[in-house]
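Take a look at the structure below.
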Amino acid sequence: MRITKKYNMRKSKRLRKISRRRKVKYGGSNIIDVVFTNDNNVLIKVDNTLKISQEYVHRVGAEQLFRKIVNYMIQNNHIDKNKNIIDLGAWIGDNSLPWAKNITGIVYAIDPSPNNCSFIKETLKINNITNVNVIQEIISDKEENLKIQAGNMNHGEFIRNNNGTNANKIKSKTLDSLYNENIISNIGFIHLDVEGMEYKIITGSKKLIEKDRPIVSYETHSRDNNIEDIKQYFISNNYTIFKIEEVCGLDASCRNSVAIPNSIVDKINLDDMYSKLSIDSKIFSKVI
């Protein structure tokens, strides 16, 4: 759920120059080969005739530290490759697809937008990726009627809609309800990119989190009112929270945090991570 940029096909020559710098190759006719260098050099093919596909060019260089850290945890099996991943706010699948190629489990790509879900499904077909389940749902802390407060279905913020017309109502689910219905299971990692709804979604995921004990990444912003509530929830459930010192959205205050069960933290060699990723404890720091 992000804002996409307009792409003018008349600028294709300029884009080719940018593409070479961003590890993107133009293959036959309408296919772009995108290499995610921070995700174990995974190659994803996308259809160049679709405007939104150009976002893959930009996503190669976006949130590089986050991608490196998640990839390190996958390659070292701190995020269990045999378990499943939830990518909530999957947008165009720029995390879902690279992760799917790096694990043997399933990636649940969850997004409320039919356009985004359709694009992900088409890209899965192009790449012959079979371990991504696309789920078109809006997720909250309870099953209720919501409406778009800002933006649109492709990239928007949602609020309760108890008094609106049926045309404006969107029925939400919780991760726990999907878990109870066996639509999702055996979760090793949850990624939340949900435009300020992190606390609500975590609140509606307590059964899943407390049973499966996944690593959970989530965004925080200066405008958020529940940062401390999220922190206290995870600490009370024997998690340690790390913050990645990297802007992760259009808001300059946006940062990714990663909540890791203490049983997994004890197995992570932070010095090895810092050395291999060329970062330090100021970049990936414990939240006290």
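Could you pull out the residue among Ile215, Ile209, Ile227 that is aliphatic (A, V, I, L, M) and touching a Gly at 6+ places or on another chain (Cβ under 8 Å)?
Ile215
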Residues (among the β-branched types (Val, Ile, Thr) and modelled with pLDDT of 95 or more) located in region 187-226: Ile187, Ile190, Ile201, Ile202, Thr203, Ile209, Ile215, Val216
Members of region 243-272 that are assigned to a loop (DSSP other than H, G, I, E, B), surrounded by fewer than 16 Cβ atoms within 10 Å (Cβ to Cβ) and touching a residue at least 40 places away in the same chain (Cβ under 8 Å): Glu245, Leu250, Lys267
Filter pass, Ser253 being hydroxyl-bearing (Ser, Thr, Tyr) and modelled with pLDDT under 95: yes
Residue count for region 217-248, restricted to those that are touching a helix residue (DSSP H, G or I) at 6+ places or on another chain (Cβ under 7 Å) and of a type in the set (Asp, Glu): 3
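Take the residues of region 213-233 that are touching a residue at least 40 places away in the same chain (Cβ under 8 Å) and surrounded by fewer than 19 Cβ atoms within 10 Å (Cβ to Cβ): which is farthest from Asn262 (Cα to Cα)?
Across region 213-233, the extreme among qualifying residues is Lys231.
Those residues that are of a type in the set (Asp, Glu), closer than 25 Å to Val107 by Cα and part of a helix (DSSP H, G or I), I need them from region 208-242; list them, please.
Scanning region 208-242 gives Glu210, Asp212.
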Residue that is nearest to the chain's Cα centre (by Cα) [pool: residues in region 176-194 that are closer than 12 Å to Asn84 by Cβ and aliphatic (A, V, I, L, M)]: Ile190
Count of residues meeting criterion [outside any loop (DSSP other than H, G, I, E, B) and not hydroxyl-bearing (Ser, Thr, Tyr)] in region 181-203: 10
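The values are calculated or read from the model by the stated rules, or taken from the named source; none is laboratory data. Given the structure is predicted, the values throughout are model-derived calculations rather than measurements. All Cβ positions, glycine included, derive from the backbone under ideal geometry; neighbour counts span all protein chains shown.
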